[in-house]
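Taking it in order: structure first as structure tokens, then the write-up.
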């Protein structure tokens, strides 16, 4: 299966593209790419099958061969993801990318560990690299956006989508399937998903989410880790919105 790389733009007039920097170095020096080899390229709007024309130290030039059908996510997902231990958080970033998330908002939740919240700002470049590499691996058209970390209440108040879901471990939270069945999901394929830290949301966060229009939902009777909840929630939503022939 061909690798996909991201370029800044396609030159449609010259039917060419250029890959520079770290990815070009990796392609030329690690993968030992040669002229004539075929790779997939994306500029975030379109994807092309491209043939290598020349390989230099940190620059690979391509000729565009044919446009590839772009595979778009089934919906526009924004993930409000609470800060947890970084190995788990970063695993969740990778899997959320593979499952089609458009935007990820790191949350400083009330029960996030304070030392992790304090160190999170220094991890943003690493996190963007994880999103970038996961997007290449999964052949996404574009890399998810990663915002600055915000407090949970602030993130809730700033959302305006019609379908905002706060995942909850409370025993009286309705099942996600019920929440989706009661929402107008047929026309509006935009969803804001909030997933809490170990220990769950605080009472103040529940109140703030409710005031902002979030609907509380359960992923089942078992208590899931944050990263498990990410995969579970996105898998359900991808299935919910999948075309009939793909279910």
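The values are calculated or read from the model by the stated rules, or taken from the named source; none is laboratory data. Note that this is a predicted model, so its numbers are computed, not measured. Ideal geometry is used to build each Cβ from the backbone, glycine not excepted, and the neighbour counts take in all protein chains shown.
Some values worked out for this structure:
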read-out: Members of segment 142-162 found to be within 18 Å of the chain's Cα centre (by Cα) and over 27 Å from residue 122 (Cα atoms), listed by number; value: 161
read-out: Filtered residues of segment 65-74 (kept if within 28 Å of the chain's Cα centre (by Cα) and surrounded by fewer than 18 Cβ atoms within 10 Å (Cβ to Cβ)); value: 66, 67, 69, 70, 71, 72, 74
read-out: Set 88, 47, 17, 24: member being under 28 Å from residue 124 (Cβ atoms) and within 17 Å of the chain's Cα centre (by Cα); value: 88
read-out: Matching residues in segment 8-24 - criterion: being at pLDDT 90 or above, part of a loop (DSSP other than H, G, I, E, B) and on the phi < 0 side of the Ramachandran plot; value: 8, 9
read-out: Residue tally, condition in contact with a helix residue (DSSP H, G or I) (Cβ under 6 Å, 6 or more places away or on another chain) and within 27 Å of residue 184 (Cα to Cα), over segment 83-105; value: 6
read-out: Residue within segment 103-118 that is over 18 Å from the mean Cα position of the chain (by Cα), surrounded by fewer than 18 Cβ atoms within 10 Å (Cβ to Cβ) and not in a helix (DSSP H, G or I) present; value: yes
read-out: Some residue of segment 20-40 being under 17 Å from residue 138 (Cβ atoms) and in contact with a helix residue (DSSP H, G or I) (Cβ under 8 Å, 6 or more places away or on another chain); value: yes
read-out: Some residue of segment 91-99 being crowded, with 16+ Cβ neighbours inside 10 Å and not in a helix (DSSP H, G or I); value: yes
read-out: Which numbered condition residue 41 misses (of (1) free of Cβ contacts under 8 Å to residues at least 12 places away in the same chain; (2) in a strand (DSSP E or B)); value: (1)
read-out: Matching option when the condition is within 16 Å of residue 155 (Cβ to Cβ), in the same structural domain as residue 152 (by TED's automatic domain parsing) and in contact with a strand residue (DSSP E or B) (Cβ under 7 Å, 6 or more places away or on another chain), among 173, 208, 217, 194; value: 194
read-out: Residue in segment 69-80 that is out of contact with any strand residue (DSSP E or B) (no Cβ under 8 Å at 6 or more places or on another chain) and on the phi > 0 side of the Ramachandran plot present; value: no
read-out: So residue 60, is it in a strand (DSSP E or B), surrounded by 16 or more Cβ atoms within 10 Å (Cβ to Cβ) and modelled with pLDDT under 95; value: yes
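Quick grid of which residues meet (1) under 22 Å from residue 86 (Cα atoms); (2) at pLDDT below 95; (3) under 17 Å from the mean Cα position of the chain (by Cα):
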position: 190; (1), (2), (3): no, yes, yes
position: 204; (1), (2), (3): no, no, no
position: 223; (1), (2), (3): yes, yes, no
position: 247; (1), (2), (3): no, yes, no
